[in-house]
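Okay, structure first, notes after.
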Amino acid sequence: MKVTEIEIHAGDVDHPYRTVGEISAKVEAATLFPKTPTLEDINFKLQEKASQLGANAVIKVEYNRGMSQASGVAVVLESDEANWVTEFLEYQR
């Protein structure tokens, strides 16, 4: 999975998931006169952190300090196929 394919959600999701961990990210100035951080900049930082943990989504994202900092929960969203197998196995018991 490409880093940019990791989903970003401001709230919770109505989909089963496994929590990997809480993450935070910060966009820092690379030059003396930096451009103002964008939503895309901070989301990319979150995606990088989530990727390092093996997550495929970040939920409950909160932004602060003019989009230069954000935090959220890195999760693995379960596929519909995985849910079907789990439900089937529980039904068999």
Stretch gain in nm, segment GLU78-MET1, where the contour uses 0.36 nm per residue and the Cα spacing is subtracted:
26.3 nm
From the backbone phi of region 10-17, what are the Karplus-calculated ³J(HN,Hα) couplings (6.51 cos²θ - 1.76 cosθ + 1.60, θ = phi - 60°) in whole Hz, Gly and Pro given as x?
5, x, 7, 10, 8, 7, x, 8
Quote the charge dipole size of region 1-80 about the Cα centre in Debye, to the nearest 20; the model charges only the Cβ of Lys and Arg (+1) and of Asp and Glu (-1).
380 debye
Gain on full stretching of the segment that runs from LEU39 to ASN64 - 0.36 nm per residue minus C-alpha separation:
7.9 nm
Principal axes of region 1-79: Cα extent on each, largest first, Å:
44, 22, 17
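Any read-out appearing in this document is the output of simple, stated calculations on the displayed coordinates, not a laboratory observation. Because the structure is a prediction, the values reported are computed rather than measured. Because the Cβ atoms are built from the backbone with ideal geometry, glycine has one as well, and the counts that use them run over all protein chains shown.
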